[in-house]
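The values are calculated or read from the model by the stated rules, or taken from the named source; none is laboratory data. Because the structure is predicted, anything quoted here is derived from the model rather than measured. Here the Cβ positions follow ideal geometry from the backbone for every residue, glycine too, while neighbour counts run over all protein chains shown. Calculation scope for accessible area: heavy atoms of the full protein, side chains included, ligands and nucleic acids excluded. Shrake-Rupley method; radii C 1.70, N 1.55, O 1.52, S 1.80 Å.
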Amino acid sequence: MSLVRVHTPSGQYPIHIEQGNLPNLAQLVPSNTSAIILISNPTVYDLYGATVEQALQAIQKPLYSLQIPDGEQYKSLATLETVYQFMLEKQLDRHAVLVALGGGVVGDLSGFAAATYMRGIRFIQVPTTLLAQVDSSVGGKTAVNHPLGKNMIGAFYQPIAVHIDTAVLKSLPDREIAAGLAEVIKYGMILDAGFFRWCIRNVQLLRQLDREAIIYAVKRSCEIKADVVSKDEKEAGMRAFLNFGHTFGHAIETGLGYGAWLHGEAVGCGMVQAAELSHLVFGLSRNNVEEIRDLVAAIGCPTLAPNLGNERWLALMMHDKKTLNQKLKFILLEAIGQAKITEVPKEALLDVLNRTVCTA
Ligand code: NAD
Ligand code: GLY
């Protein structure tokens, strides 16, 4: 088993990574647990619910199972209300442990439920998408969406453990794998040039979910994220590097309507746009920009951005939460593996849009 440890001021916890380790989940549940609530969705529960429930029954404590509907639109206050209702009806006390089994939607919503139920109960992330395994389950960002903005109601609240079984990735659609790989290669681009080169060499193995390659990629991604959140839990500084490509990506997601492109697909394309901007602003070499474009294409994500019209593009990027105060701040690369936050003039953005937006 691979083990990564996260150390933040508000909590330290292990990330267990292995192929086929779902049946070992019970080892992470503390002995003073009063009851367990398992939250999932019907898609994931039908595939893995029985295995997880069987594992958790070893604890010999009451086990309650709740499924929330599948989809980003259910990462809402209304769904959260149903979770609180269920927990109160089952009379869960402060010593209950919540287990979140699913992708980022289940993980983010369940984490926020755990953060707020009775002022906070312990929770364990069992992420089942690649994106959730390498990103959303680690670092304690929990949230639900509000009609006026994504992830607008939330809390920093760390899990007590993250349990990753890479075998569950086999049931994911190819597009979800590509979207998760976008976050994997992001870590190399912003902080680890050696990992970026490793991803270029192993991209086909990653797409095929080769056991060793995927475990290494998940572990290295978790190590990098753990290091970042350990240094900057509440995003006062370098944690923002993790948003590389996201300002462009969020504009694509909102501009096309949520669900048209997966989040990771939009981030993949956004990283190509951010690489072009890095060339203009920091002189990132053309060779590096083309390497990034080729790798994004090789993982199966789009590299040509949708034509939303320049005015709408700019408005959407201004609306992104990192551009409050009307300042357009971007995470850019001085070199592969060296990210930096900087303000960007509007002219440079327009130049990049002209280079990266689909004209057909
Ligand atoms: P998701 O949770 O919607 O999962 C994608 C789809 O895959 C869903 O239909 C789900 O039911 C299905 N699925 C999950 N596991 C499966 C499996 N093993 N086999 C088959 N199907 C499976 O999407 P996601 O990409 O995992 O997460 C996106 C969410 O994560 C967004 O809400 C985003 O805001 C959030 N996010 C949070 C953070 C953070 O730091 N907290 C970081 C990145 C993204
Ligand atoms: N996914 C960005 C973060 O966790 O900060």
So the check is Cβ under 7 Å with 6+ separation or different chains; which pairs have a first residue in segment 137-160 that's modelled with pLDDT under 95 and a second one that's open to solvent by 20 Å² or more (accessible area, probe 1.4 Å) and β-branched (Val, Ile, Thr)? His146/Ile153
Keeping to segment 247-278, report how many residues are of a type in the set (Asp, Glu) and either closer than 16 Å to Ala193 by Cα or within 17 Å of the chain's Cα centre (by Cα) (or both). 2
Quick check, is Val281 under 19 Å from the mean Cα position of the chain (by Cα) and either modelled with pLDDT of 95 or more or not in a helix (DSSP H, G or I) (or both)? no
Quick one: is Ile177 within 12 Å of ligand 1 (Cβ to nearest atom) and closer than 26 Å to Ser40 by Cβ? yes
For the subset of segment 145-182 comprising residues that are more than 15 Å from ligand 2 (Cβ to nearest atom) and assigned to a loop (DSSP other than H, G, I, E, B), which member is most open to solvent (accessible area, probe 1.4 Å)? Leu148
Among Lys231, Lys225, which is out of contact with any Pro (no Cβ under 9 Å at 6 or more places or on another chain), basic (Lys, Arg) and in contact (Cβ under 8 Å) with a residue 60 or more places away in the chain? Lys225
In the set Ala360, Ala266, the lone residue that is free of Cβ contacts under 8 Å to residues at least 60 places away in the same chain and crowded, with 18+ Cβ neighbours inside 10 Å is Ala266
Of all residues in segment 124-143, count the ones that are within 16 Å of ligand 2 (Cβ to nearest atom) and in a strand (DSSP E or B). 5
Before we move on, is Glu276 touching a helix residue (DSSP H, G or I) at 6+ places or on another chain (Cβ under 8 Å) and either more than 22 Å from Leu130 (Cβ to Cβ) or open to solvent by 10 Å² or more (accessible area, probe 1.4 Å) (or both)? yes
Failed condition for Leu98, given (1) surrounded by fewer than 24 Cβ atoms within 10 Å (Cβ to Cβ); (2) outside any helix (DSSP H, G or I); (3) more than 11 Å from ligand 1 (Cβ to nearest atom): (1)
Note: among Asp135, Asp108, just one is in contact with an Asp or Glu (Cβ under 6 Å, 6 or more places away or on another chain) and within 9 Å of ligand 1 (Cβ to nearest atom), namely Asp135
Being touching a residue at least 24 places away in the same chain (Cβ under 8 Å), out of contact with any Ser or Thr (no Cβ under 9 Å at 6 or more places or on another chain) and either open to solvent by 50 Å² or more (accessible area, probe 1.4 Å) or within 15 Å of ligand 2 (Cβ to nearest atom) (or both) narrows it down to one of Arg207, Arg201, so name that one. Arg207
Those residues of segment 218-239 which are basic (Lys, Arg), surrounded by 21 or more Cβ atoms within 10 Å (Cβ to Cβ) and more than 12 Å from Ser137 (Cβ to Cβ) amount to Arg220
Check Ser34, Ser40 and return the single one that is within 20 Å of Gly104 (Cα to Cα) and small (Gly, Ala, Ser). Ser40
Any chance segment 186-198 includes a residue that's within 11 Å of ligand 1 (Cβ to nearest atom), open to solvent by 40 Å² or more (accessible area, probe 1.4 Å) and in contact (Cβ under 8 Å) with a residue 12 or more places away in the chain? no
